[in-house]
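Following: one structure in structure tokens, then a few remarks.
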Amino acid sequence: MNNNNKYSSHSHHNHGDMDHSKHEHVSTEEHGDHKDQHQEHHAGHDHSGHNGHDHSGHNGHDHSGHSGHDHHHHGNFKELFLKSLPIGIIIMLLSPMAGFDLPFQFTFPYSDIVVAILSTILIIYGGRPFYQGAVDEFKQKKPGMMALVSLGLSVSYLYSIYTVIASYVTGEQIMDFFFEFASLLLIMLLGHWIEMKAIGEAGDAQEELAKLVPKDAHVVLDDDSIETRPVADLKVGDLIRVQAGENVPADGTIERGESRLNEALLTGESKAVKKGPGDEVIGGSTNGEGVLYIKVNETGDQSFISQVQNLISQAQSQPSRAENIAQKVAGWLFYIAVIVALIAFVVWTLIADIPTAVKFAITTLVIACPHALGLAIPLVTARSTSLGASRGLLVKDRESLEIAQDADVMILDKTGTLTTGEFKVLDVKLLNEKYTKEEIISLLAGIEGGSSHPIAQSIISFADQEGISPVSFDSIDVISGAGVEGKANGHQYQLISQKAYGRNLDMDIPKGATLSVLVENDDAIGAVALGDELKATSKELIEALKNNNIEPIMATGDNEKAAQGAAEDLGIEYRSNQSPQDKYELVKTLKEEGKKVIMVGDGVNDAPSLALADVGIAVGAGTQVALDSADVILTQSDPGDIESFIELAHKTTRKMKQNLFWGAGYNFIAIPLAAGILAPFGFTLSPAVGAILMSVSTVLVAINAILLRLDPKK
């Protein structure tokens, strides 16, 4: 581990300092190279700060950049649809569908002029985002859905306007396509509105981070008076005062005062961390109780938050590899429709006349308009989104479902993701026959009685659950660097780390656990093993990943022993002592090897890796920032939900492909027929039949989307 690394120092520096004074007995040996900063802490903590979030990537996520999403910033589709709807309905009421008068349609003198005027308003107002999208697609040399829709709209509109003018000039009634034009425009606007709603707006992780840092800082001057200054004006070396409840304005070291600081938003560490003189604090963490005097170490661009912001923005600017399938299909259809229409026009001009040629060319282009294709993906997305939400899966980036089913590797955080993140007494061993197990537990709870350290609290609550009351100690003192000692009933007891005890104990220690030894007169009488338990659904998740050919890798800030214990239990590969930068590099390396990477995590320092990964999954107990950098949020922090997400990804993608088949498939049959390929055999496809085919195709797509289901939870 690179201890000079800015990130590693932050993600590791403080979890050990929880309560040095009270709790130095917890095993030191596991922390080897973490120097004294971890000495008093247990092995079972994910110090990394939950590496789960490498947000840096999400690499799919530069929404501005990929053609699949380009059109989304062109206007508010809900407003466009709702305002276009009445105009579209009037056009459809006044204009026969493909030459057929439907029962609800009516006309009156000059109604065709009214329709032409309304259609002009509709194409200028409602068609704007499609034309802007088409321009973007042509700029990127990737004509797709927007180009195809724009072409269909333009051809049906311009030809219909021509028929109105021609009917007044020549008196001849030519069939128009106003009905098809209006219905296509409304369906496409509705489809995009559904899609935008389903995708949901991703929050801006960088803004969330910026909100953590207060605008002003209270600087202590030489005469001990306080001056309030904007944070931007702070300098390295300034002494600042932070009251209880305030956020720390800059990275620094505590000079005076003790308090518990909540760094959950920054490190993913859910418990408030005890800090005192000499301990480092991160700008943006919240001061829980006492008043702190902090010497500023880093400001501005050098601060922890600023560096995390930089990683996130680097990640979000990386282009996405996943390209929307519908876009590709629409791209093929665009070229096919244009080429077939031109061929039809030339052929029919040669064998018949120009009006016939125009009719076949127009029919081809109108039929190619992707009503069903436009709804194929949004309908599945909407269904998939609501289905996911009912399971506590919030899918913010639709592409993540398409990418996830092709994933090769899933990087998982340990604490809080695969494990509960809470210390538990895993085992209490009796090492002297003079005592019963109940008496040992009673002594353990008694000697820990004065400490608020999470490990002490876990021993006390264990005794409470067992219905054992603690022994009352006369006095309890700290043994520096080793543990605690105290007197009870005239006996002297010590609770010290295994290293401080210094002798081998003939006992099995659960993997990854930290051992504390209860000693009376230099003899071990009992031992307590503490650790972070695996969640019940973790093993099933690992099995499910392997069945889907996704390789699980656990990346944790924890030390080697704790990481190894959990990884062996699960039978997976692992990386220990991972700083946020290390996790980011791990994602980057795997991606450079051409692998599709899913990252699961839950703290700000995971945000960069979450963003960089092809799919970033934030575990809901995590932080707002992590949630903003992720593509998928699991609200219940249950590993089983990751399994549900993989299932949802497979099933959603399958439905999308089926819908694309229905939505595009009819085009591949209808386009040649519309162009008159079977005319020599007396079969031509009128626009009316084409319109009906189009409607059937749309209904099939809608029904197929509704049939998307998830298996019941085990």
Original post:
For the stretch 568-579, how many residues meet the condition of being assigned to a loop (DSSP other than H, G, I, E, B) and surrounded by fewer than 19 Cβ atoms within 10 Å (Cβ to Cβ)?
Top reply: 1
Subject >> Filter result for D222 (exposed (fewer than 13 other Cβ atoms within 10 Å of the Cβ), of a type outside the set (K, R), modelled with pLDDT of 75 or more and outside any helix (DSSP H, G or I)) >> reply: yes
**OP:** Could you check, for the stretch 470-487, whether at least one of its residues is in a helix (DSSP H, G or I) and among the charged types (D, E, K, R)?
**Re:** no
Original post:
Scanning the stretch 509-539 for residues that are touching a residue at least 40 places away in the same chain (Cβ under 8 Å) and open to solvent by 80 Å² or more (accessible area, probe 1.4 Å), which turns out farthest from E560 (Cα to Cα)?
Top reply: D523
Original post:
Can you tell me how many residues in the stretch 534-575 are acidic (D, E) and within 16 Å of G601 (Cα to Cα)?
Top reply: 1
Original post:
Quick one: would you say G331 is assigned to a helix (DSSP H, G or I), more than 25 Å from the chain's Cα centre (by Cα), modelled with pLDDT under 80 and among the small types (G, A, S)?
Top reply: yes
**OP:** Would you be able to say whether some residue in the stretch 509-518 is part of a strand (DSSP E or B) and not hydrophobic (A, V, I, L, M, F, W, C)?
**Re:** yes
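Residues checked against (1) open to solvent by 60 Å² or more (accessible area, probe 1.4 Å); (2) within 23 Å of the chain's Cα centre (by Cα); (3) within 28 Å of Q405 (Cβ to Cβ); (4) not β-branched (V, I, T):
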{"position": "L541", "(1), (2), (3), (4)": "no, yes, yes, yes"}
{"position": "T556", "(1), (2), (3), (4)": "no, yes, yes, no"}
{"position": "K561", "(1), (2), (3), (4)": "yes, no, no, yes"}
{"position": "G565", "(1), (2), (3), (4)": "no, no, no, yes"}
{"position": "Q581", "(1), (2), (3), (4)": "no, yes, no, yes"}
{"position": "K588", "(1), (2), (3), (4)": "yes, yes, yes, yes"}
Original post:
Does L148 meet the test of being hydrophobic (A, V, I, L, M, F, W, C), in a helix (DSSP H, G or I) and at pLDDT below 85?
Top reply: yes
**OP:** Go through the stretch 412-448 and give me each residue that's among the aromatic types (F, W, Y) and either surrounded by 19 or more Cβ atoms within 10 Å (Cβ to Cβ) or at pLDDT below 85 (or both).
**Re:** F423
Original post:
Can you pull out the helices (runs of 4 or more DSSP H) entirely within the stretch 44-126 that have at least 1 residues that are at pLDDT 85 or above and open to solvent by less than 20 Å² (accessible area, probe 1.4 Å)?
Top reply: 77-94, 111-125
Subject >> Residue that is over 30 Å from D558 (Cα atoms), open to solvent by less than 50 Å² (accessible area, probe 1.4 Å) and either at pLDDT 75 or above or among the small types (G, A, S) (or both), where the choices are A344, A407 >> reply: A344
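The values are calculated or read from the model by the stated rules, or taken from the named source; none is laboratory data. These numbers come from a predicted model, not from an experiment. Note that each Cβ is placed from the backbone with ideal geometry, even for glycine, and that neighbours are counted across all protein chains shown. To get the accessible areas, we keep the full protein, side chains included, count just its heavy atoms, and leave off ligands, DNA and RNA. Shrake-Rupley method; radii C 1.70, N 1.55, O 1.52, S 1.80 Å.
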